Amino acid sequence: MISKIIYIVLGSLLILNPISSHAEVRTVEVSFFLKSPKTTLEQKIFNDRAVLMAQSKILDLYYENVSFLPKKINSLHRKKVENILRLSLYQSVSISNLKIKQRENKPGGSDFTFMGEVPAASPKINDELLMDELSRLIESHSSFLSPEFAMELALAYPELNLFEDALAFWRKILEGNSYAMLLKKPQLLPRDFKFSGIPLEMDITSSDVRGFLRLLDRAPFNPYVCQELIVSLKNEELHSLADRFDKPCLFLEKISDQGDGVLKIKSYGGDTVFDVKQKKSVVKELEILEKFEIIDPSAWLTKLIIRSFGDVPVNFLDDLDSGAHSENHDKLLVTSIDLDGQTDTSPMLEPLEFFTLLERFVEFERQPTLLSLRNLASALEFAGYIAISEVFLRQAER
């Protein structure tokens, strides 16, 4: 496979970059056997294949004693990096006066002997040159490597300062919002999360990393896609990239709907802001709000925030024209009613309070700003929904 790629890369060398007639050169001779073509198309390109193979073998001899592996690269990435740098540096050397010396047809194919001239001086390749070339390939968005592998290298070797160029490469190929999961402080808007909290249809093979990332372009931080992506990244030995995605994949959907309609708490490690008791309170309050239809079923952003315990990595813009929220505006009257086994401390609403709290939910969904977010948190707290109020306050402070 590598040889085929080299043939394609080398195809234009004789025309584009001939050696100057004044340069010192040496003649190299190579011989090889090429199988007979099986199709009409193969017959047409048979001689071209012979020329490309000759170029590849001549360059193999020219670089015979050269290592294309930088010392800083560990064993996990060694083979890929070596192949990438070999392809790139092969392209930097041209062959002059390439000609066929001999061709002998044999059963099943032909024996070829080619001659060509390469620079007389041996190539001088060192670690510094290899690392500079690797950096240049990422910066130029070279087709010799994928943006996923470029980012893998940037994350695995932070001392090389490849991240910004790798991120630009990523955003050129993956034009949606998956890039935000690579940043420490993502700056996505509320509308970017419309599909982030729902299961998506994934007709993708487990090895198709790019396919999963394109889904995350549409639905950043979607935990259902994330689970499949992490497995795919590890299978493709992109472990640093998998590690980078691991934490952002746990931001959303800490509460999930089960088949029986019962809300269950997902237990993720490292979350010390809300303990289990607080999370159970959130579940209980959410069930009440949904039971009395205070939360509209289509209010996807509100539900995403609650189910994620205020961990949605979203940038809420403050609505400076909305004016300050008066402490005395839309005051709520709270009463405690024992209903369906609820204790007398369960938050319940009188009709006026119901209407006002519902307005706050609608206001936030229509105009999700920091002001409407804080207004909703205040209304929830005043109505006795303390746990969910803290969720929205946490989201506001995020």
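The numbers here are math on the coordinates, done by the rules we state, and not lab data. Keep in mind the model is a prediction, meaning the values are calculated, not measured. Quick reminder, even Gly has a Cβ in these numbers, built from the backbone with ideal geometry, and neighbours come from all protein chains shown.
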How many nm separate the modelled label positions at R26 and T113, each set 7 Å beyond the Cα in the direction of the Cβ?
-> 2.0 nm
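Of K57/K106; K254/K303; K38/K99; K80/K234, which ones are farther than 19 Å apart at the Cα? Walk me through the numbers before you get to the answer.
Details: K57/K106 21 Å; K254/K303 11 Å; K38/K99 25 Å; K80/K234 15 Å.
Exceeds cut-off: K57/K106; K38/K99.
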Neighbour net charge for A121 - beta-carbon separation under 10 angstrom, K R +1, D E -1 = +1
Expressed in nm to one decimal, what extension gain is obtained for the pair E175 and K277 from 0.36 nm per residue of sequence separation less their Cα-Cα distance?
-> 32.6 nm
With a point put 7 Å past each Cα toward its Cβ, work out how far E159 is from K234 in nm, to one decimal.
-> 2.8 nm
Length added when fully stretched, S92-S206, from 0.36 nm per residue minus Cα-Cα | 37.4 nm
Taking 0.36 nm per intervening residue step and subtracting the Cα-Cα distance, what contour gain separates F195 from A396 on full extension?
-> 70.3 nm
Around N177 (Cβ within 15 Å, Cβ-to-Cβ, excluding N177; K/R +1, D/E -1) the net charge comes to +4
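Let me know the shape class of the stretch 174-250, please: from the alpha-carbon gyration tensor, a ≥ b ≥ c as square roots of the eigenvalues, rounded when a/c is under 1.5, otherwise prolate if a/b is greater than b/c, or oblate.
Values: a/c = 1.84, a/b = 1.27, b/c = 1.45.
Oblate, since a/c reaches 1.5 and b/c is not below a/b.
Over all directions, how big on average is the projection of the convex hull of the alpha-carbon atoms in the stretch 126-173, in square nanometres?
Values: hull surface 12.0 nm².
The directionally averaged projection comes out at 3.0 nm².
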Karplus-derived HN-Hα couplings along the stretch 358-372 (A = 6.51, B = -1.76, C = 1.60, θ = phi - 60°), whole Hz, x at Gly and Pro | 4, 4, 5, 5, 5, 4, 5, 5, 6, 9, x, 10, 4, 5, 5
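Please find the FRET efficiency linking E64 to H141, where r is the Cβ-Cβ separation and R0 is fixed at 35 Å, and quote it to the nearest 0.05.
Values: r = 31 Å, r/R0 = 0.88.
About 0.70, to the nearest 0.05.
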